[in-house]
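The values are calculated or read from the model by the stated rules, or taken from the named source; none is laboratory data. These numbers were taken from a predicted model, which means no experiment stands behind them. Positions of Cβ are backbone-derived with ideal geometry, glycine not excepted, and every protein chain shown enters the neighbour counts. Only protein heavy atoms, including side chains, enter the accessible area calculation; ligands, DNA and RNA are left aside. Shrake-Rupley method; radii C 1.70, N 1.55, O 1.52, S 1.80 Å.
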Protein chains: 2
Amino acid sequence: MTSRIAHPGLAAKVTSAEQAASFIDDHMTVGMSGFTGSGYPKAVPMALAKRIADERKAGRNLRVKVWTGASTGPELDGALAAADGIELRLPYNSDPTARERINKGEMEYLDMHLSQVAPMAWEGFLGPLDIAVIEVAGINADGSLIPSSSVGNNKTWLDRAHAVILEVNSWQNPALDGMHDIYYGTALPPNRVPIPLVRPDDRFGQPSFRCDPDKVIAVVETDAPDRNLPFAKPDDTALAIAGHIIEFFKHEVGKGRLPANLLPLQSGVGNIANAVLAGLLDAPFTDMTAYTEVLQDGMLDLLASGKLRMASCTAFSLSPDAAARLNSEMEQFRDRIILRPQEMSNHPEIVRRLGCLAMNGLIEADIYGNVNSTHIMGSRIQNGIGGSGDFARNAYLSIFMTPSTAKGGKISSIVPHVSHVDHIAQDVQVIVTEQGLADLRGLAPRRRAEVVIEKCAHPDYREMLRDYYERALKGSYGLQTPMLCGEALSWHQRFVDTGTMKL
Amino acid sequence: MTSRIAHPGLAAKVTSAEQAASFIDDHMTVGMSGFTGSGYPKAVPMALAKRIADERKAGRNLRVKVWTGASTGPELDGALAAADGIELRLPYNSDPTARERINKGEMEYLDMHLSQVAPMAWEGFLGPLDIAVIEVAGINADGSLIPSSSVGNNKTWLDRAHAVILEVNSWQNPALDGMHDIYYGTALPPNRVPIPLVRPDDRFGQPSFRCDPDKVIAVVETDAPDRNLPFAKPDDTALAIAGHIIEFFKHEVGKGRLPANLLPLQSGVGNIANAVLAGLLDAPFTDMTAYTEVLQDGMLDLLASGKLRMASCTAFSLSPDAAARLNSEMEQFRDRIILRPQEMSNHPEIVRRLGCLAMNGLIEADIYGNVNSTHIMGSRIQNGIGGSGDFARNAYLSIFMTPSTAKGGKISSIVPHVSHVDHIAQDVQVIVTEQGLADLRGLAPRRRAEVVIEKCAHPDYREMLRDYYERALKGSYGLQTPMLCGEALSWHQRFVDTGTMKL
């Protein structure tokens, strides 16, 4: 296994996960690798969780602040949350154990725009970073680090942390070496310069992380898979949503508002996003590109088909089957995938320049097109805003998609008034459910309401929405965005009280 | 007066405002100049308003869609709205007559991010543009146009419109010639390139607008002042807010999180913003710069003092006294002010690169730091989001400021839950009222609530907020962002019902 560590000084620092975890003390801030369940450290967090439990038994407190790229895996967020070892978590979480603690008020969670994490760390707005724990695919002879299956904020954690713990994971494909593009040209204002990217394919960085070997306090060897979960086969709802989006793209190409090969695709993660990507396999678009956060199964299929020329991302999020395929057919994918730091994959400057087609999920939208993508009933966080805000505001077209109902029909995804806002109506051009697609471009609020109710709402809720809207037109304080304050959130309160939004 | 028109072909097209207005037909889309009450056409819209009234008397409809840069003046929005001649208005309005029509549901209003208007027009998302009506300071011999006291979207309207009407306003100072920087390097994706600006001072465009003389269907000569309104002398509330912000800047410089000369200032318009700028006159910062939408009185004073090295904007918004001062002392200001198209003055790419210090007003903020800057009681629009979203999401520090109460204390600016969201908590780092300053950086929602209530709320409402928050901690569906759906908007409903938010 030590063949992955070509730097003698760092090879000499190989130790156990337990030993490495012993460097982490109470109240420390730990910057870990990991994005969408890939490239996160797998051994040290587990050892830390055990240490936390042991300390607690001994009557001592040990809780840490955990910063990552985005979501990790059960060995990190799951284990640390189960041990009640996380004081503050940022910038994104999707782990169910951590989510439960957060929503019980036992753990602080700072839900951030993913492009802003590294800049804010550099700006000093988040406090000091004590230790970085970073998974890498290998260590070069000069001490530079071969990134793993996600890049996330690793560059920043390695530069900013006072001390570094490395996990060298030999499960990761050695062919990852050379796929990354790590840009070291960022700076604090007033010294920032334009980012030299004009095509999703452009490389303007280096393949490895720099890292001062003297800062490395431990190297741990692992051989463990990423979280990689299987995707569900798209159901009829997902297929219907995908169909509406692809029809819309065809329509826009026909009108001359989109090039025939579209514009760089950004896609959130999940089964519906995957269905859209699968739908593009059969669509008439070729020579497509992707500039996105995460490369998931559907995008790998699109690459394999040749219809997607290349994809830029910051992380993989593959099913076990797709991960096996990537590993076995690496030669055909290797030069067509670029992994970048998340401050680049999500950079507003780049998203706006490229004119990405942003496709993201939502929890609920209101009749005016405001979108809640994080908080159930306004207070209970599901995952987090992630990169959706980076993309939605700057995209060429910002599309949000969802089944029209949830919880077996007891929740309408289209409501009179969203209980929490992540994306304001100005940042939402298109809303799609299996019922249809609402094209909101150029429409003032009252027009938007008509279209959203007509095109997107589930028939079980459509009349209720019309009824609310018509009464709002009569009883609202102002008529720019008609609203009944006493009733706007009544659907949510009804769900909390009765378990359904239905009357 | 014709000395302002050096192009013989265009001089030959000089005609009356009435004749020019006769080219505008029912349902047409008209792109007008104008931003924050400066540089808007003053004669043709008045003639159009008269024509609309005459047509109506004759039983014929004449209503138009009006696009501008931002707000205009009574001769444009006021006159056309009074005549009920506006079918749809975008992207910003502050005219009271138009506001009244909008909130009565008699006029459609599309409230847009100001940086996105020109791109969306080019992308074809807003429909075709029939006629541009643009005020200029003069016409060069080659037919290029000397911009007026605002740039706004004029470049785009001139390029996109099928026909052009020019108003040549000899009231505007001829010294405006050369102050503008009109960048013609924008493109649609996939052909966009980095914007070559790294300092607020950089010039990378040309001083004049290009315009095909054959498209010009009328030239109208005017000699009429901009809307220029006097500013109120800052009251104690404004001075207290300004004091908190300047103390905060000093603190951040002391901590090394801001350079000694700060970073480029962005400031919304209004009396509080003006008070902050006045406060900077006595603060220890020198060699400052501004990269903002609008140059108002306080910024002119800062320029005159030498503490502000230069200012980049898209428009002037000066009191009559300040306008007179600018005109009489033009030589000292001329080379230190740059006027750019609003897609550049507000461009997210530039705002993020420069690291602007964004200071904008709000109508209400909630205890978690979500900001409503447009809709009173969630439904009645005041002005619009303007450029605040362009700046707030991309700024180095996004600061929102407001008196802690409105309507003589009957409205609390800090509420349990905002009735409309323009700026999500992620885009709000600092909230300031006369009560104090809440620094929300790095704080998870429950911490934010404590700080906002403690630092910003008016004492009359502080206990009510604490009471709500404590009950939300017990009764909320989830505890990431505690909320009582049935009560969250009850303060607004109470105001609608009783005229006060107080119990």
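Only residues that are open to solvent by 10 Å² or more (accessible area, probe 1.4 Å) and either under 16 Å from B:Arg448 (Cα atoms) or assigned to a helix (DSSP H, G or I) (or both) were counted in the stretch A:111-126, giving 8. Tallying residues that are in contact with a helix residue (DSSP H, G or I) (Cβ under 7 Å, 6 or more places away or on another chain), open to solvent by 40 Å² or more (accessible area, probe 1.4 Å) and not in a helix (DSSP H, G or I) within the stretch A:235-283 yields 1. Just one of the listed residues (B:Asp77, B:Asp84) is modelled with pLDDT of 95 or more, surrounded by 24 or more Cβ atoms within 10 Å (Cβ to Cβ), more than 14 Å from every other protein chain (Cβ to nearest Cβ) and out of contact with any Cys (no Cβ under 6 Å at 6 or more places or on another chain), namely B:Asp77. With respect to (1) more than 14 Å from A:Ile424 (Cα to Cα); (2) facing another protein chain (nearest Cβ under 10 Å); (3) under 18 Å from the mean Cα position of the chain (by Cα); (4) assigned to a helix (DSSP H, G or I), the lone exception for B:Gly389 is condition (1).
Apart from one condition, A:Met344 fits all of (1) buried (at least 23 other Cβ atoms within 10 Å of the Cβ); (2) closer than 23 Å to A:Val418 by Cβ; the exception is (2). Residues that are in contact with a Gly (Cβ under 8 Å, 6 or more places away or on another chain), of a type outside the set (Phe, Trp, Tyr) and farther than 27 Å from A:Arg441 by Cβ within the stretch A:452-483 comprise just one, A:Asp460. All of A:Glu87, A:Glu18 fail the test of being charged (D, E, K, R) and part of a helix (DSSP H, G or I), apart from A:Glu18. A search for C-beta distances below 8 Å between a residue of the stretch B:98-113 that is more than 7 Å from chain A (Cβ to nearest Cβ) and any residue that is among the β-branched types (Val, Ile, Thr), counting only pairs 6+ apart in sequence or on different chains, returns B:Ala98/B:Ile86; B:Arg99/B:Ile381; B:Arg101/B:Ile86; B:Met107/B:Ile86; B:Asp111/B:Thr374; B:Asp111/B:Ile381; B:Asp111/B:Ile385. Residue count for the stretch B:293-333 satisfying the condition of being surrounded by 19 or more Cβ atoms within 10 Å (Cβ to Cβ) and either among the acidic types (Asp, Glu) or assigned to a helix (DSSP H, G or I) (or both): 11.
Yes or no, residue by residue, for (1) closer than 30 Å to A:Glu252 by Cβ; (2) of a type outside the set (D, E, K, R):
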| site | (1), (2) |
| --- | --- |
| B:Pro96 | no, yes |
| B:Glu100 | no, no |
| B:Leu145 | no, yes |
| B:Ser150 | no, yes |
| B:Lys155 | yes, no |
| B:Val168 | no, yes |
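Of the residues examined, A:Val193 is not one that is without any contact (Cβ under 8 Å) to a residue 40 or more places away in the chain and assigned by the TED database to the domain that holds A:Ser328. Please verify whether A:Arg446 is facing chain B (nearest Cβ under 8 Å), assigned to a helix (DSSP H, G or I), closer than 30 Å to B:Glu123 by Cβ and open to solvent by 10 Å² or more (accessible area, probe 1.4 Å), treating the condition exactly as stated. Spelling it out, A:Arg446 is indeed facing chain B (nearest Cβ under 8 Å), assigned to a helix (DSSP H, G or I), closer than 30 Å to B:Glu123 by Cβ and open to solvent by 10 Å² or more (accessible area, probe 1.4 Å).
Residues are listed down the side, and each one gets a yes or a no for (1) open to solvent by 60 Å² or more (accessible area, probe 1.4 Å); (2) in contact (Cβ under 8 Å) with a residue 60 or more places away in the chain; (3) in contact with a Leu (Cβ under 7 Å, 6 or more places away or on another chain); (4) in a loop (DSSP other than H, G, I, E, B):
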| position | (1), (2), (3), (4) |
| --- | --- |
| B:Pro482 | no, no, yes, yes |
| B:Ala488 | no, yes, yes, yes |
| B:Trp491 | no, yes, no, no |
| B:Asp497 | yes, no, no, no |
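Of the residues making up the stretch B:127-149, those that are more than 14 Å from chain A (Cβ to nearest Cβ) and surrounded by fewer than 24 Cβ atoms within 10 Å (Cβ to Cβ) are B:Asp130, B:Gly138, B:Asn140, B:Ala141, B:Asp142, B:Gly143, B:Ser144, B:Ile146. When B:Asp467, B:Asp460, B:Asp439 are checked against the criterion of being free of Cβ contacts under 8 Å to residues at least 40 places away in the same chain, farther than 18 Å from A:His420 by Cα and more than 8 Å from every other protein chain (Cβ to nearest Cβ), a single residue qualifies: B:Asp467.
Residues in the stretch B:174-185 that are part of a loop (DSSP other than H, G, I, E, B) and either buried (at least 19 other Cβ atoms within 10 Å of the Cβ) or more than 14 Å from every other protein chain (Cβ to nearest Cβ) (or both): B:Asp177, B:Gly178, B:Met179, B:Asp181, B:Tyr184.
Criterion first (at negative phi and either surrounded by fewer than 23 Cβ atoms within 10 Å (Cβ to Cβ) or of a type in the set (Gly, Ala, Ser) (or both)) does A:Val14 satisfy it? Answer is yes for this residue. Using the structure shown, decide if B:Ser413 is more than 10 Å from chain A (Cβ to nearest Cβ), polar (S, T, N, Q) and either out of contact with any strand residue (DSSP E or B) (no Cβ under 9 Å at 6 or more places or on another chain) or open to solvent by 10 Å² or more (accessible area, probe 1.4 Å) (or both). No: the conditions fail for B:Ser413. Only one of the numbered conditions (1) within 8 Å of chain B (Cβ to nearest Cβ); (2) more than 16 Å from A:Leu465 (Cβ to Cβ) is not met by A:Ser419, and that is (2). Residues in the stretch B:161-173: is at least one open to solvent by 10 Å² or more (accessible area, probe 1.4 Å), under 25 Å from B:Pro200 (Cα atoms) and assigned to a strand (DSSP E or B)? No; the residues of the stretch B:161-173 include none that is open to solvent by 10 Å² or more (accessible area, probe 1.4 Å), under 25 Å from B:Pro200 (Cα atoms) and assigned to a strand (DSSP E or B). The set of residues in the stretch B:191-223 being within 14 Å of chain A (Cβ to nearest Cβ) and open to solvent by 60 Å² or more (accessible area, probe 1.4 Å) consists of B:Asn191, B:Val193, B:Pro196, B:Arg199. Would you check if B:Leu437 is in a strand (DSSP E or B) and open to solvent by 10 Å² or more (accessible area, probe 1.4 Å)? Here the answer is yes, as B:Leu437 does meet what is asked.
The residue that is surrounded by the fewest Cβ atoms within 10 Å (Cβ to Cβ), among those in the stretch A:377-409 that are touching a residue at least 60 places away in the same chain (Cβ under 8 Å) and aromatic (Phe, Trp, Tyr), is A:Tyr396. Residues in the stretch A:329-361 that are among the hydrophobic types (A, V, I, L, M, F, W, C) and within 12 Å of chain B (Cβ to nearest Cβ) were compared, and the one that is farthest from B:Ala472 (Cα to Cα) is A:Leu354. Of everything in the stretch B:43-62 that is open to solvent by 10 Å² or more (accessible area, probe 1.4 Å) and part of a loop (DSSP other than H, G, I, E, B), the residue that is nearest to B:Pro147 (Cα to Cα) is B:Ala43. Would you pick out the residues in the stretch B:362-376 that are open to solvent by less than 10 Å² (accessible area, probe 1.4 Å) and within 7 Å of chain A (Cβ to nearest Cβ)? Within the stretch B:362-376, B:His375 is the sole residue that qualifies. Taken over the stretch A:338-361, the criterion of being part of a strand (DSSP E or B) and either among the small types (Gly, Ala, Ser) or more than 28 Å from A:Val430 (Cα to Cα) (or both) is satisfied by A:Ile338, A:Leu339, A:Ala358, A:Gly361.
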